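The values are calculated or read from the model by the stated rules, or taken from the named source; none is laboratory data. This structure is a prediction, so every number in the text was calculated from the model and none was measured. Cβ sites come from the backbone with ideal geometry, for glycine too, and all protein chains shown count toward neighbours.
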Amino acid sequence: MSLSRRGLCTLVALAATGSAGCLDVLSGEPARFVAPPARVGEDVLEGTDYELERTETIEEQRTVEIAAGQTRDVEVVNRIAEYHKLIDMGPLGEARGAVFATLSTPAVEVLGRTFNPIEDADNREIADEAQTQYEEIDIGSEIDRRTVTVLGEQTELSKFEGEAAFGELGVDVFVHTGVVESDDEYVVVFGIYPRLLGGEEESIITLAEGVELED
C-alpha cells in the first residue's frame with residue numbers, strides 16, 4: 001500500500017472551493033493564498049525510522065459565485081508532505097507499510113470570518129474523505145482519541161480500525177487523523193500502519209507533534 005497524489009486531493013479541492021469569501025470584491029482581481037509546507041523536523045524523523053518520500057504543491061483554480069451572480073477566480077496553494085517507513089510484510093518482503101502525511105491549506109479571514117471548510121471538518125470526515133480516494137483502504141469505527149500538541153495547539157488525534165490491501169494480501173491497520181488551526185492555515189495529519197506493529201502509534205504521535213511550518 002502506498003499513498004498516491006489522490007490521497008488528500010478531495011480535502012484540497014474542498015479547501016479551494018470554500019475560499020470563495022477570500023476575494024477582493026472591490027477590485028475584482030483574482031485572490032491567491034499560499035499555505036506554507038508542514039514538515040516533520042529532521043531530528044524527530046531520525047528517532048522514528050520514517051523517511052520523507054515526497055512533497056507536493058497543489059494549486060487549485062476555481063471560478064466561484066460570490067453574490068448576485070458575480071463570479072471571481074480563486075487560486076489556493078496547498079502543500080502535501082508524505083513519509084514512509086519500511087516494514088517486514090512477511091511473504092511480501094519489505095514494503096512501505098507505514099505512512100504519515102500532512103496537508104497544509106490556507107485559512108483566510110475576511111471581515112472577521114474564516115473561509116475554509118476544513119475549519120468545520122472533524123476527524124471522522126477527514127477519514128471518510130481519505131477512504132473515498134483509496135480503494136485499498138477500508139476505514140471502520142473510531143476506537144480511541146488522544147490529545148496531542150501539534151504546532152503548539154492542543155489537538156484531538158483520532159484512531160480508527162481499518163483494513164488495507166498490500167498486493168493481494170489484506171492487512172488489519174490502524175488509521176489516525178487530526179486537524180489543527182495555526183495562525184494562517186489549517187494542517188491535517190494522517191497516519192496508517194499495520195496493527196501488528198507494536199508501538200507504532202507512539203511513532204505517529206511523535207511525528208504529529210514534530211510537525212513544523214516552514215517559511
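Values computed for the structure shown
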{"quantity": "Residue count for the stretch 132-157, restricted to those that are within 19 Å of GLY210 (Cβ to Cβ) and surrounded by fewer than 20 Cβ atoms within 10 Å (Cβ to Cβ)", "calculated": "9"}
{"quantity": "Residue count, the stretch 47-61 (criterion: buried (at least 16 other Cβ atoms within 10 Å of the Cβ) and at pLDDT 90 or above)", "calculated": "3"}
{"quantity": "For ASP43: the one exception among (1) modelled with pLDDT of 50 or more; (2) surrounded by 14 or more Cβ atoms within 10 Å (Cβ to Cβ)", "calculated": "(2)"}
{"quantity": "Filter pass, GLN70 being out of contact with any Cys (no Cβ under 9 Å at 6 or more places or on another chain), of a type in the set (S, T, N, Q), within 28 Å of GLU163 (Cα to Cα) and at pLDDT below 80", "calculated": "no"}
{"quantity": "Qualifying positions in the stretch 190-215 - closer than 21 Å to VAL148 by Cα and in a strand (DSSP E or B)", "calculated": "PHE190, GLY191, ILE192, TYR193, VAL211, GLU212, LEU213"}
{"quantity": "Filter result for VAL187 (assigned to a strand (DSSP E or B) and under 16 Å from ILE143 (Cβ atoms))", "calculated": "no"}
